[in-house]
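**Student:** Can you keep this structure in mind? I'll have questions shortly.
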Amino acid sequence: MESRKTDEWGSGIFDFYQDVPGCCYSFWCCPCFAATTTKTYGESLFLPLLDMFGIIPPVNMSMRVSLRQRYGIKDIMFKDCLFATCCSPCSWCQMSREMNRRKT
């Protein structure tokens, strides 16, 4: 997979076919996948547990914003909020694919 730097996500929110095993893992055990992804990003393995206490998952949303800032991805907070709230497993998969693509 190409690791060029752009100001866009390397894959769409529903591009699960780019990492079928990872997306299956996220779908069947999202808390475990979120913990693995958060640890790979360099944060605490237990940070995703905080997502269980909010309407808008704070860790998912903050990870998306942080990842966008780290890689210079241009997007809007509304989409981060929408994806974190309504498509959490897909959001975690997209972040994982992005880190793999950019070799974080």
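The values are calculated or read from the model by the stated rules, or taken from the named source; none is laboratory data. Owing to the predicted nature of the structure, the values given are computational and were not obtained by experimental measurement. Ideal geometry is used to build each Cβ from the backbone, glycine not excepted, and the neighbour counts take in all protein chains shown. Just the protein is used for accessible areas: all its heavy atoms, side chains included, with ligands, DNA and RNA removed. Shrake-Rupley method; radii C 1.70, N 1.55, O 1.52, S 1.80 Å.
**Student:** Using the structure shown, decide if ASN60 is polar (S, T, N, Q), open to solvent by 50 Å² or more (accessible area, probe 1.4 Å) and in contact (Cβ under 8 Å) with a residue 12 or more places away in the chain.
**Tutor:** For ASN60, the condition - polar (S, T, N, Q), open to solvent by 50 Å² or more (accessible area, probe 1.4 Å) and in contact (Cβ under 8 Å) with a residue 12 or more places away in the chain - is not met.
**Student:** Going through SER26, SER44 one at a time, which residue ends up being within 13 Å of CYS90 (Cα to Cα) and small (Gly, Ala, Ser)?
**Tutor:** Exactly one of SER26, SER44 is within 13 Å of CYS90 (Cα to Cα) and small (Gly, Ala, Ser), namely SER26.
**Student:** I'd like the full set of residues that are without any contact (Cβ under 8 Å) to a residue 24 or more places away in the chain and of a type in the set (Phe, Trp, Tyr), limited to the range 8-51.
**Tutor:** TYR17, TYR25, TRP28, PHE46, listed by residue number.
**Student:** What is the number of the single condition among (1) open to solvent by 40 Å² or more (accessible area, probe 1.4 Å); (2) under 16 Å from ALA34 (Cα atoms) that VAL65 does not meet?
**Tutor:** It is condition (1) that VAL65 fails.
**Student:** Oh, and also: Quick check on the range 80-104: of everything there that is open to solvent by 40 Å² or more (accessible area, probe 1.4 Å) and part of a loop (DSSP other than H, G, I, E, B), which residue is modelled with the highest pLDDT?
**Tutor:** Restricting to residues being open to solvent by 40 Å² or more (accessible area, probe 1.4 Å) and part of a loop (DSSP other than H, G, I, E, B), the top hit is LYS103.
**Student:** Based on this model, can you work out whether PHE14 counts as open to solvent by 60 Å² or more (accessible area, probe 1.4 Å), under 21 Å from ILE76 (Cα atoms) and of a type outside the set (S, T, N, Q)?
**Tutor:** Judged against the criteria, PHE14 is a match.
**Student:** Then there is this: Can you tell me how many residues within the range 54-104 are among the aromatic types (Phe, Trp, Tyr) and over 16 Å from SER26 (Cβ atoms)?
**Tutor:** Residues meeting the conditions: 2.
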